[in-house]
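Beneath this line is the structure, given in C-alpha cells, with notes to follow.
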Amino acid sequence: MRLLENTPRFDVEAVARIAAESFGLRATARPLPSERDQNFLLTNSTDEKFVLKIANALESRFFLEAQNAVLKHVATRVDFCQSLVYGSNGDDVVTVEGYFVRMVRYLPGVPLGEIRPHSAELLRDLGRKLGQLAHALQDFDHPAVHRDFHWDLSKGNQIIDEYAPLIENTRLRDVVLRCIVGFDPRLRRSVIHGDANDYNVLVDPQRMTVSGLLDFGDMVYSYTAADLAIAVAYVVLDKAHPRAAADEVIKGYTHEFALLDEELEAVWRLALLRLAVSACMAAYQQRQQPENEYLRISQQAIEQNLPRILHG
C-alpha cells in the first residue's frame, strides 16, 4: 500500500528525453491518468503514437518482465492487446534514474466508460473478447503473478474487513459489508488480466466493437471468472437493469470460454465484491492522495449505485 507514496514524478520534457535517448523515438509527450505509475502518450512527427510507462519506485523488475511476457504470449492469440517496443539497447525494460521504463504501441479507441449507450451487441462483444483472452491465458504462467495483491478478489473479504471502517458514508459502508462472500472451493484459478474496468476497455466508435484491452499491471493468479466479474461490475453501474446488462456480457464470454456452473453462479457475487473492494480502496487511497482525481473516476458512481444494485 506504500505504492502511492512512491509514484514517479517526471514531467513531459523529461519523458521526451527518455523516449529519444532510451528508445530512439523523437516525440512529444502528454500525461495519461494512472493510479500508482506514470503513463505518457507519445506522438512522433508522422503521427504514430506510443505509450511510455514509468513504473512505481517499488515495482519489481520481475513483475514488469511478467507483464512483458504476457503481452508477447497473447500477441499471437488475440488482436486487442498492446505490443511491446524495445529499447535502443534491445531490452524491453530500461532503467532511467532508478525507475524501470517500458514502451508499448498505442491502441486507438474510446474508453468504454465514455460510450453511451452500451448496446446489447457491444456488451456481448466485450464478453467475447474477455473469453478469448481467458483462452489465451490458459497456458500462460509466470512466478511473479503468484503474489499477495490487494486487488485480487480472493483477498476481497480481507480488504473489506480492513478498510470498510474508513468509508465515511455510513449507508455505503453498510452495503459494502454486505458484499462479503463465501468462496466456493471448486472455482478454478488461472492467470487473469485483473482490471477490465470501463477505462481499460477501448471501443471502436465506428464499428461499436471492443478494440482494445489495456494495462496488465493488475495481473494476478486468481479466480478465472474474476476477469468477467470485474468487467460486469463496471458495466452495470449506471444501468437501469443491471442484471440484464451483466447477462449480455456473460453470454459473450461463455460463447468463447465455457464456465463451470459454480463459476456462473459466482460471477454476480464477485462483481459486487469488486465494487465493494473499490469503495474500500478509494477510502484508503483518497486519504493518502486527496489531490489525485484519477482515484475518483468511478467512486461517485459506486457510491450512488452499489446500494441499488445490491438490492435489485
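The values are calculated or read from the model by the stated rules, or taken from the named source; none is laboratory data. Note that the structure is a prediction, hence the values are computed from the model and not measured. All Cβ positions, glycine included, derive from the backbone under ideal geometry; neighbour counts span all protein chains shown.
Remarks
- Here Glu291 fulfils each of the conditions (1) at pLDDT below 95; (2) among the charged types (D, E, K, R); (3) part of a helix (DSSP H, G or I) apart from (3).
- All conditions in (1) under 16 Å from Gly87 (Cβ atoms); (2) not in a loop (DSSP other than H, G, I, E, B) hold for Leu25, with the sole exception of (2).
- Residues that are without any contact (Cβ under 8 Å) to a residue 40 or more places away in the chain, assigned to a strand (DSSP E or B), out of contact with any His (no Cβ under 7 Å at 6 or more places or on another chain) and under 30 Å from Thr209 (Cα atoms) do not occur anywhere in region 58-75.
- Any hit, region 174-186, residues being modelled with pLDDT of 95 or more, more than 23 Å from the chain's Cα centre (by Cα) and of a type in the set (A, V, I, L, M, F, W, C): yes
- Here the condition is being under 15 Å from Met103 (Cβ atoms), out of contact with any Phe, Trp or Tyr (no Cβ under 8 Å at 6 or more places or on another chain) and of a type outside the set (Ser, Thr, Tyr); of Asp37, Asp47, it holds for Asp37 alone.
- The condition of being buried (at least 22 other Cβ atoms within 10 Å of the Cβ), among the aliphatic types (A, V, I, L, M) and under 14 Å from Asp152 (Cα atoms) holds for only one of Ala246, Ala266, Ala225, Ala233, that being Ala225.
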